[in-house]
Amino acid sequence: MDDTIREQIIAAYTTRLSDILIANVFEDFNTNIGQTVFRAVKDLETENLPFCVLWPSVEEITSKYNKNVCTMVIRVEGLMEFGSINPSIIQEKILGDLIWAMTNPDTEVSDLVEDVQYKTGGPADFPNAEDSVTSSFIEFEIRYDTLTGNPYQQ
C-alpha cells in the first residue's frame, strides 16, 4: 500500500530541509544545517553537526463534504557550532533559514498541501559559557485534505 498523505507530506518536508546549505546555488541560505537531516531522533551527538531535526506532531481534524481537513504541526530544530561568533547571531541565521525553507510561498514543497503557516519560533535555548553549540526552532502548521476514512487519498 502507498504511504498516507500525511507521510508523503512529512517526507517532502524532510527532504526540503536538505536544501539548507550555503552552497545551494538556487537559494540563499546562511547556514549548513541541512547537511544532515534527522526525523524524530533524540539525543544526537555533536559529531553530526551541523544538522536539523524534523518532529511531526499531532493533527486536528475537521470534517467537510466527505473530506477530512487535517491541520498538522511540524517542529524543526536546527543546531550548529557558533565558534567565536555571538550565538544569538547564529540563532537568528538558523531561524531565518528554517522559515525560508519551510514556509516560503514561492517554494512548493508538496502539491498535497493546501496551506502552510509559520506559528512560532526562535532560540531553543541560550548556550552556557562552556557550550559550543546553539540552536533555533520553528513550528509551522500544514493544512491538507484526505477523503473521510481514507488517509491515502485526497
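Laboratory data are not the source of any read-out in this text; all were calculated from the coordinates shown. Computed from a predicted structure; not experimentally measured. Cβ sites come from the backbone with ideal geometry, for glycine too, and all protein chains shown count toward neighbours.
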(message) If I ask for residues that are under 13 Å from the mean Cα position of the chain (by Cα) and either more than 20 Å from I142 (Cα to Cα) or in a loop (DSSP other than H, G, I, E, B) (or both), which ones from segment 15-35 would you list?
(response) S18, D19, I20, I33, G34
(message) Just to be sure before I move on: is A12 assigned to a helix (DSSP H, G or I) and either surrounded by fewer than 21 Cβ atoms within 10 Å (Cβ to Cβ) or under 15 Å from the mean Cα position of the chain (by Cα) (or both) in the structure I sent?
(response) yes
(message) Anything in segment 79-132 that is surrounded by 12 or more Cβ atoms within 10 Å (Cβ to Cβ), of a type outside the set (V, I, T) and within 16 Å of D28 (Cβ to Cβ)? List them, or say none.
(response) E92, K93, L95, G96, D97, L98, W100, A101, M102, N104
(request) Inspect all residues belonging to segment 138-148 and state whether any of them is without any contact (Cβ under 8 Å) to a residue 60 or more places away in the chain and not in a loop (DSSP other than H, G, I, E, B). (result) no
(request) Among the residues of segment 40-68, count how many are assigned to a strand (DSSP E or B), surrounded by fewer than 17 Cβ atoms within 10 Å (Cβ to Cβ) and either touching a Phe, Trp or Tyr at 6+ places or on another chain (Cβ under 8 Å) or on the phi > 0 side of the Ramachandran plot (or both). (result) 0
